[in-house]
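J.: Sharing a structure below in structure tokens format, with a few things to ask.
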Amino acid sequence: MTETFSDWLRQRSEPEWTEVITHPFTQALFDGLVPIDSMRSYLVQDYQFVDDFLALLGSGVAKADRYASRLAIAGSIRVVTSEENTYFQRAFDAFGVGESDRVSPELDEATKAFRELMQDTNARGSYAEVLTVLTVAEWSYLEWAMRAPSALPENFVHAEWITLHNSPDFRAWVRWLRGELDRVGAELDERDRARCLRLFQQATRCELDFFNAHWR
Ligand SMILES: Cc1ncc(C[n+]2csc(CCO)c2C)c(N)n1
């Protein structure tokens, strides 16, 4: 078989997958044309998303079947809690986002749905299922960001949101994540593969709804 498990999952998540990675929000981001209010609310909601994402990475560390995998996931936790966190703080400072919107904003339906999916997977999911949800979130972001032109928008809030997601380090992390999902997926029986597919499709739908919530 030449088709990998991650390719198999993605192909069965069309057309939503392609709608995510070519979303008009991302095109407007490249052109520096996302209105300030949309970018602000998107990042306020995304910061809440990142909280559960971080918990899910912790679940991956706990559930991994070998030390090398725990180390790789722990390395990504370091990025989310350092570079990525300072980006949010600087963007919030630039937009004048107050404390309550940083810590406990009212959540959009799309944010709630995504958080529930991550929390359920954290509480009940196998290692393969945790990897599935992590892979959708990271791979889809890499794929839209790889479509960016070399000339970046002027505003750092827009420009860094692109470069965070297409840097060589981020590419290497996504490559590792897919390879890990392929490795673990190869051992699964048909029923467990089908469970991963359902989750992959659900997470892709959540990504699409998340962009849509901030786009007109
Ligand atoms: C809705 C939504 N989906 C995916 C990501 C991507 N993402 C989530 S946490 C993180 C840092 C991990 O290295 C990245 C890139 C996002 N930000 N928002």
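The values are calculated or read from the model by the stated rules, or taken from the named source; none is laboratory data. All values derive from a computational prediction rather than experimental measurement. Virtual Cβ from ideal backbone geometry, glycine too; neighbours counted across all protein chains shown.
J.: Report yes if Q27 is more than 12 Å from the ligand (Cβ to nearest atom) and surrounded by fewer than 12 Cβ atoms within 10 Å (Cβ to Cβ), otherwise no.
T.: no
J.: Pick out the one residue from A203, A159 that is small (G, A, S), out of contact with any strand residue (DSSP E or B) (no Cβ under 6 Å at 6 or more places or on another chain), within 21 Å of S69 (Cβ to Cβ) and in a helix (DSSP H, G or I).
T.: After ruling out the rest, the residue left standing is A203.
J.: Also, I was wondering about something else. Among all residue pairs at least 6 apart or on different chains, which show Cβ distances below 6 Å where the first residue, located in region 31-56, is under 14 Å from R115 (Cα atoms) and within 10 Å of the ligand (Cβ to nearest atom) and the second is among the β-branched types (V, I, T) and at pLDDT below 95?
T.: L54/V80
J.: Working only within region 62-76, note down all residues that are buried (at least 16 other Cβ atoms within 10 Å of the Cβ) and part of a helix (DSSP H, G or I).
T.: Hits for region 62-76 are K63, S69, A72, I73, S76.
Residues are listed down the side, and each one gets a yes or a no for (1) within 15 Å of the ligand (Cβ to nearest atom); (2) part of a helix (DSSP H, G or I):
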{"site": "A128", "(1), (2)": "no, yes"}
{"site": "V133", "(1), (2)": "yes, yes"}
{"site": "A137", "(1), (2)": "yes, yes"}
{"site": "L142", "(1), (2)": "yes, yes"}
{"site": "S150", "(1), (2)": "no, no"}
{"site": "E180", "(1), (2)": "yes, yes"}
{"site": "V184", "(1), (2)": "no, yes"}
{"site": "R191", "(1), (2)": "no, yes"}
{"site": "R216", "(1), (2)": "no, no"}
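J.: Going through D65, D52, D93, D46 one at a time, which residue ends up being more than 20 Å from V174 (Cα to Cα) and out of contact with any Cys (no Cβ under 7 Å at 6 or more places or on another chain)?
T.: So the residue among D65, D52, D93, D46 that is more than 20 Å from V174 (Cα to Cα) and out of contact with any Cys (no Cβ under 7 Å at 6 or more places or on another chain) is D93.
J.: Give me the pairs: first residue in region 166-185 and more than 14 Å from Y141 (Cβ to Cβ), second residue of a type in the set (D, E, K, R) and surrounded by fewer than 20 Cβ atoms within 10 Å (Cβ to Cβ), beta-carbon distance under 6 Å, and six or more apart or on different chains, which are they?
T.: Cβ pairs passing all conditions: none.
J.: Looking at (1) under 18 Å from F211 (Cα atoms); (2) within 14 Å of the ligand (Cβ to nearest atom), find the lone condition where A74 falls short.
T.: Among (1) under 18 Å from F211 (Cα atoms); (2) within 14 Å of the ligand (Cβ to nearest atom), A74 violates only (1).
J.: Which residue is farthest from the ligand (Cβ to nearest atom), if the candidates are limited to region 153-164 and must be surrounded by 16 or more Cβ atoms within 10 Å (Cβ to Cβ) and hydrophobic (A, V, I, L, M, F, W, C)?
T.: Among those residues, the one meeting the criterion is A159.
J.: Looking at this structure, is R175 surrounded by fewer than 22 Cβ atoms within 10 Å (Cβ to Cβ), basic (K, R), in a helix (DSSP H, G or I) and under 16 Å from the mean Cα position of the chain (by Cα)?
T.: So R175 fits the description; yes.
J.: Something else: Could you check region 32-45 and list, in sequence order, the residues that are surrounded by fewer than 18 Cβ atoms within 10 Å (Cβ to Cβ) and among the charged types (D, E, K, R)?
T.: D37
J.: Would region 116-123 turn up any residue that is among the hydrophobic types (A, V, I, L, M, F, W, C) and within 25 Å of R171 (Cα to Cα)?
T.: yes
J.: Exactly one condition in (1) under 19 Å from H23 (Cβ atoms); (2) touching an Asp or Glu at 6+ places or on another chain (Cβ under 7 Å) is not met by M118; state its number.
T.: Looking at each condition in turn, M118 falls short on (1).
J.: Here are some conditions: (1) out of contact with any Lys or Arg (no Cβ under 8 Å at 6 or more places or on another chain); (2) touching a residue at least 12 places away in the same chain (Cβ under 8 Å). T86 meets all but one. Which one does it not meet?
T.: Of the numbered conditions (1) out of contact with any Lys or Arg (no Cβ under 8 Å at 6 or more places or on another chain); (2) touching a residue at least 12 places away in the same chain (Cβ under 8 Å), the odd one out for T86 is (2).
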